[in-house]
Structures are given as structure tokens and as C-alpha cells.
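The values are calculated or read from the model by the stated rules, or taken from the named source; none is laboratory data. Quick caveat: nothing in here was measured; it's all calculated off a predicted structure. Counting neighbours? That spans all protein chains shown, and the Cβs are built from the backbone with ideal geometry, glycine included.
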Amino acid sequence: MWGRDFKDVRGLDPCYLSVTNKHLVLFVTGKDYDGGQAIVHLADVSNRTIRDFPAYDSHIGSNIGATKTNRYERVASVDGDKPTIEAAFLERRYKYVIDLAGPQFEREEADFEGAFPPHNIEHHVYEGGRISVSR
């Protein structure tokens, strides 16, 4: 994009999200599930600049471009400079909050069904993109 090459772009084609009313395109690089590798990129289409910041352990970007009812990633809302992105992958649900003013990755919340009986829902919070688990 604009003379820069990016490796390990997450998601399916097209691998980006438009941020409503912000003239921004969001995409993510980093191998999925590779321990602290997620980088969020914000491409400003009005001045052709790209800002990026780490999202560390986050799953953000993994489902961009998917369009099924149980697999997707989309901008759900924009409150000032804070877009909220929601995503799903099978039974898992994700919510990502980004602060465009920083820019920085603020938080990921994820709900997973437990692998063992009684299959309780586990709620994971990734503050600043780093995981801590609460149940």
C-alpha cells in the first residue's frame, strides 16, 4: 500500500475494514496465534499516511473479509475516536476497542465455550492487547 509491503496480513480478501466517517482503512498484520505478533495499521486515505501500533496477543483481524453468520469481523460503532469492532468465529465472540487518538489498541473481550464439561463460557479480556483471563 502506497509503496509499503506488508507480510502476514490477517483475514480473507478483502483484508481491511473501513472505519465509518474517519477516512480510515484498518488492517492487521501478524501471524495468528503466534504470541504477541498482532500489529494494527490505520491507512488514512485522505493524506495517504499509515499509522500502526501493537495489539500483541489479540485475535483482531483474523476474521476480516469473512461474511458468514458465524464468521465475520466488522466495525460495529464509532464513538468519537473509539471504533468498536465485533467479530465471530464459530461459537467464539470478540469485541475490540481502538483509540484512534493514540493511536492504540485499548481492549479485546472474547467469549469462548470451555473445552471440557460443563462447557462454561470463559470470558477473556486483553487489556492493551495482552491477555488476562477472568471467568
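Numbers for the structure displayed
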{"item": "Every residue from segment 72-81 that is of a type in the set (D, E, K, R) and either modelled with pLDDT of 95 or more or touching a His at 6+ places or on another chain (Cβ under 9 Å) (or both)", "result": "E73, R74"}
{"item": "First in segment 120-133 and at positive phi, second anywhere and among the hydroxyl-bearing types (S, T, Y) and in a strand (DSSP E or B), Cβ under 7 Å, 6 or more apart", "result": "G129/Y56"}
{"item": "Selection within segment 43-92 - within 12 Å of the chain's Cα centre (by Cα) and of a type in the set (K, R)", "result": "R74"}
{"item": "Matching residues, segment 64-115, being without any contact (Cβ under 8 Å) to a residue 40 or more places away in the chain, surrounded by 14 or more Cβ atoms within 10 Å (Cβ to Cβ), closer than 17 Å to S18 by Cα and among the acidic types (D, E)", "result": "E86, D99"}
